[in-house]
Structures are given as C-alpha cells and as structure tokens.
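Worksheet: the structure to be examined is printed underneath.
The values are calculated or read from the model by the stated rules, or taken from the named source; none is laboratory data. Owing to the predicted nature of the structure, the values given are computational and were not obtained by experimental measurement. Counting neighbours? That spans all protein chains shown, and the Cβs are built from the backbone with ideal geometry, glycine included. With ligands, DNA and RNA removed, areas are computed over all heavy atoms of the protein, side chains included. Shrake-Rupley method; radii C 1.70, N 1.55, O 1.52, S 1.80 Å.
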Amino acid sequence: MKRWSPSVERDGAAADDGKQSAERSAIARPSGIVYVYVVLLATMLWAVIFFLHDFTSLQLGNVAFFSHLKKFQLGLRDKCAGRYVYMYELPPPFNADLIRDCRQVMCKHMANGGFGAPITEGGGALPERGAYDTDQFMLALIFHARMKQHECLTSDPAAAAAVYIPFYAGLHAERYLGQENPDVSTIDALPRDLVEWLLARPEWRVMGGRDHFLVAGRTTWDLLREPGFTGRGGSSLMTFPAIRNATVLAVEASPWHGIDFGVPYPSHFHFSSDADVTTWQGRMRRAERKWLWGFAGASRPSSKKTVRSQIIEQCGRSSRCAMFGRSTAAYTPGRTMHLLESAEFCVQPRGDSFTRKSTFDSILAGCIPVFFHPVSAYLQYIWYLPRDYRSYSVLINHGEVENKNASIEDVLAKITPVKVAQMREQVIRLIPNVMYRDPAAKGVTVKDAFDIAVDAVIRRVDKRRRAAAEGREYQDSVDGGNSWKHDLQENGDKDIGPHEFDSYF
C-alpha cells in the first residue's frame, strides 16, 4: 500500500489503490473549523466553571446582589424601566373646557393636537409633509397629545418615574393678558382649584409634588402674577408654594427662579420618521444662501433706541442683508422660512420678551442664529443647546448695537468661511432635537424636543428622590440673581463665581 503524499491528492489515485488513497486523503487532515469549535467549547466550559465557583461563594442573604440582578433582568425585558410617566386625567375645566371656550382667533391653532392647519403650499421652503401653521403658544396641547401616545406611559403611579399634569396653563393665562385692572378673583380661581385638586391626590403626597411636572405653554412671566395683584392680567399659578415644588416647562424660563426650565417653541416642521429628518437636513446643507444675514421680524415704531431698530436700519443700508418690508402681510410660514433658508446668519433680537420663536425657525432653516443677550437662548434651553455657544451661534452685546457702536455686518463678515461651515453643520445637527414630531409616528429613533424634556425631568426627579431618601432636599437651582449660574454649571461644580455673562445682568 502506498503512503499518502501530496502528489496523490494532487494527481488523483494510482490505478491499484486509488479508491483507498482517496478515502484516506479525505480524512487525513482535519478541517480548520474543527479547531475553532474545540477552542470555543473549551472557553465556554471554563467560563461556566468559574461562574459556578464565584456564584456559590456568594451568600444567599446578599440582598443587594439579587436586587441588582433583578433590575438587570427587568432592564433586559423592559426598555421603559426607570422611564415610565404617569399622566393625570384632569377634570375638564383644566384642559378640555379651555379648548371648547377658545377665542375665535385662537381656535384654528388648536387643530391637530396644537399643530394647527397643515401647510400644503409652502412655496418650496417647507418639507413636503409634516408642515403645519403652528402657533408659538400651543405647546401645552402638543405635549399632551404626544404624551397620550408616549411609549412609556403607565397607568400605575407607583411604577412612574415622574407624574405629568396636563393643565393648559397658557391657554388660561392668555384670556387675561393685557387686561387693565382685571377681576383677579376670577383669574386666580382656576389655578387655586388645580392646587387644591393636586393636594388631595395620593400621588402628590408621595413626594409633595417634587416628582410632578407641567408644561406652561407660554413664558414664565405670564404665570407669575402675584395673587390679588390688579396691575395686569396673567396667571398666578407659579406663585403657589405647591406648584413651586414641581418642575415647570416653559418656552421662556426665568433666569432668577429655580423651578422652570426652557423648552423650544414649536416650529412648523413635525416629522414622522428618521428619513424625514435626514432628508430635510440634507436639503439645508445644499441650500443656496445668497445673503450674509437676514431678519424675519417687524419693526416697533414706538421704540427707536433698540437692537431691533438698529437691525432694521443697518439691514436697510446693506446689500448683503434680507428682511421683510413693514407690512405684516409678508409673514407667512412659507415666506418666513424662505428668507431664513437664504441667509448664512439670522439675527434674533429680543421680542415681546427675551426669546423668539424665530430662533427655532432659524435652526430648522439651517441658519446660524445671532443673539444679543444670553437670556435669549444660552440661559434658557440648557437641555438642548451646546454649552459652547460659539460652536453654533454668534453673540453681539446688545448695548454696543443699541448705542450704534457695533456694525452687525462687520462682525459677521469677519467669520471665516471654514468657521461658518462648521457652525452651520452644528445648527443642522440640532434640528431634530428642537422640533416636536408627529405623535402618531412609529419607529422613530431620533430624539425630539419632547423626548429630551421628559428625560431631563426624570433625571431631575431621580436626584430629588435620592436626596429625599437621604433626608435632604435636592437643589439644582436657587432663587435669586445667581439661579442662571446654577443652571449652567457642569456636573460636579458647586462654587458660584464670576461669569462672562455677568455684565448683561
């Protein structure tokens, strides 16, 4: 019999014993995959041995070990573990009746869960789907509609990480704003009724409301009228001690109070899928921006020495700036977005208060925002905007502009094209985080403004809950002039010292 050799395998079998040689050659060299299986089996065997050895060394009375093991097992099964939200079913006067009794001019904005009417003709400046004529003060309705569809909504308050109060505080306050010497007993009745209703709830008594949150839907200032004060309208909701235990989300928060946090104004785009977002972002990256800067806003004839008046004056003299005329007929969502999408920078002076909805329209348009006061954005939307404000925006001191010591165009023209491109990319990346998506959308993985707000509230409540278990009160902000500094602190910072924004206050 012939020995096996490579030549036998290469040339086939010899005539005498070809069959036997072929059979031996087929089994003479084991396949490489066998070695892989052997190594894997050996590794798994030793892993089991070591695990059993370590496990038997644990004392069965070690509650902490089994508690963590149980949490780990629950986490594997439940993606909402630690994220559940319980929502009150409030009596109709606190929300549903406020919609039914809406003023005629506001009723149209309440359609589609606060999104308003769909925009079918945006002049090419808005997405093909998901565009709505959304009013800036409809956030309470938008948030409520979204919460009803929230994947981590629970009917068990004991399982909840936070409790949501769907009170339409902004709609209530809007009824009385601007009234001279209003009937304050009538205005204060509904907020007082809400507080009494909450105090009677067992869910409130668990933490005294420190795990509760609500959405104002308007600026904080509209909810801070002192009870009984007759000087102006607005609500007194946020002056009640019970409400001050909760967390309030407002489109404009106060830098001097510790209970309210800024969330974005709703813009005109409410996406339904990840693809909607990426398609729009790509479109904004490719947009032709023929203007260096632009302003989408109206003049205020009553005031001449303001940033706004200087913007209009400087823009009117420039061949590199775009703005609307003095007619308010120009302000349609489509025309507004077209202007913002055509400019590199979009100036954001203070409006009726420190902030403007246009800030978020600008971000949606991929236009770099230009601010004149840190309260307009940096001290407001701390959950949403990068701490490094220079990475996505420009800050020009309002005093310099008001006193005609600064040319807006000169400041912007000095920024290099490379830096402009970097800033614009950062703005475009922010788009989904400051938008509110369609509540009915399924399978969306990108986080929107709602998701970020709820996550932040739950983190705050968790810190307060852990502090309460240790017998202390958790404070992440303080009342008074330094509240905004607490909000800007990085994790671990405790000392309040000088800040570059001090001069603005």
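Side notes on the structure shown:
- Treating r as the C-beta distance of ASP274 and TYR389 and R0 as 25 Å, the FRET efficiency rounds to 0.35.
- Think of each Lys and Arg Cβ as +1 and each Asp and Glu Cβ as -1; about the Cα centre, that makes the dipole of segment 346-418 roughly 140 debye.
- Entries in LYS79/LYS442; LYS148/LYS442; LYS357/LYS404 that, when Cα-Cα distance is taken, lie over 20 Å: LYS357/LYS404
- Rolling a 1.4 Å probe over the protein heavy atoms gives segment 149-289 an accessible area of 35 Å² per residue.
- Evaluated with a Cβ-only charge set (Lys, Arg +1; Asp, Glu -1), segment 233-374 carries a dipole of roughly 620 debye about its Cα centre, given to the nearest 20.
- Efficiency of FRET from Cβ geometry, ASP193 and ASP502, R₀ 45 Å, rounded to 0.05: 0.60
- In segment 165-219, GluC sites (Glu not before Pro) in a DSSP loop with at most 10 other beta-carbon atoms within 10 Å: GLU180
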